[in-house]
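Peer 1: Quick one: the structure is below, and I'll ask about it shortly.
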Amino acid sequence: MPDDAKTVIGSLDETFRAEAQAIRRGDFSAIGTLAERKATLVDRLMGLPRGEVGSALARIRARASENQHLLTASLQGVRAARARIDAIRQAGIRLDTYDSSGRARTVSFGGGAIEKRA
């Protein structure tokens, strides 16, 4: 494998590793920068003869797939946390319960106006 192909593949591999670490740390600002770097490296990789990079493509594809799984899990965690925060916020405003027939029912609290008398 020529030096240029080794350099591009090595840089791309390093970028995928850095991206995985950023995802695990929750450093989402770094992910944007790394995505730009990956795009540049992939463009360079596509410009190389296929025979020079063929054996490394499977490894690169595996790293990309691993990072996709990490991002998916991270997104699910953020959604779950957001749902929990919304539920906590709603706890003081409403209560979801069931009536004697088993039908869902919502009971709202507060929201009433306070009457001021002189």
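Peer 1: Among the residues of region 75-94, is there at least one that is in contact (Cβ under 8 Å) with a residue 24 or more places away in the chain and assigned to a helix (DSSP H, G or I)?
Peer 2: Checking region 75-94: not a single residue is in contact (Cβ under 8 Å) with a residue 24 or more places away in the chain and assigned to a helix (DSSP H, G or I).
Peer 1: Also, quick follow-up: Among the candidates D27, D99, D43, which residue alone is touching a helix residue (DSSP H, G or I) at 6+ places or on another chain (Cβ under 9 Å) and acidic (D, E)?
Peer 2: D27
Peer 1: Let me spell it out: the conditions are (1) at pLDDT below 90; (2) exposed (fewer than 10 other Cβ atoms within 10 Å of the Cβ), and G102 meets all of them except one. Which number is the exception?
Peer 2: Just one mismatch for G102, condition (1).
Peer 1: Here's another thing I want to ask about it. Inside region 37-53, can you point out the residues that are farther than 14 Å from G10 by Cα and either of a type in the set (D, E, K, R) or assigned to a helix (DSSP H, G or I) (or both)?
Peer 2: Matches in region 37-53: A39, D43, M46, R50, G51.
Peer 1: Moving to a separate point now. When you go through L12, L34, L71 one by one, which is the residue that is assigned to a helix (DSSP H, G or I), in contact with an Asp or Glu (Cβ under 6 Å, 6 or more places away or on another chain), surrounded by 15 or more Cβ atoms within 10 Å (Cβ to Cβ) and on the phi < 0 side of the Ramachandran plot? It would help to see each step written out before you state the result.
Peer 2: On the way: L12 fails: in contact with an Asp or Glu (Cβ under 6 Å, 6 or more places away or on another chain); L71 fails: in contact with an Asp or Glu (Cβ under 6 Å, 6 or more places away or on another chain).
Going through L12, L34, L71 in turn, just one is assigned to a helix (DSSP H, G or I), in contact with an Asp or Glu (Cβ under 6 Å, 6 or more places away or on another chain), surrounded by 15 or more Cβ atoms within 10 Å (Cβ to Cβ) and on the phi < 0 side of the Ramachandran plot: L34.
Peer 1: If only one of A18, A62 is part of a helix (DSSP H, G or I), among the hydrophobic types (A, V, I, L, M, F, W, C) and loosely packed, with under 15 Cβ neighbours inside 10 Å, which one is it?
Peer 2: Being part of a helix (DSSP H, G or I), among the hydrophobic types (A, V, I, L, M, F, W, C) and loosely packed, with under 15 Cβ neighbours inside 10 Å holds for just one of A18, A62, which is A62.
The values are calculated or read from the model by the stated rules, or taken from the named source; none is laboratory data. As the structure is a prediction and not an experimental result, all values here were calculated from the model. So basically every Cβ, Gly included, is an ideal-geometry build from the backbone, and we count neighbours across all protein chains shown.
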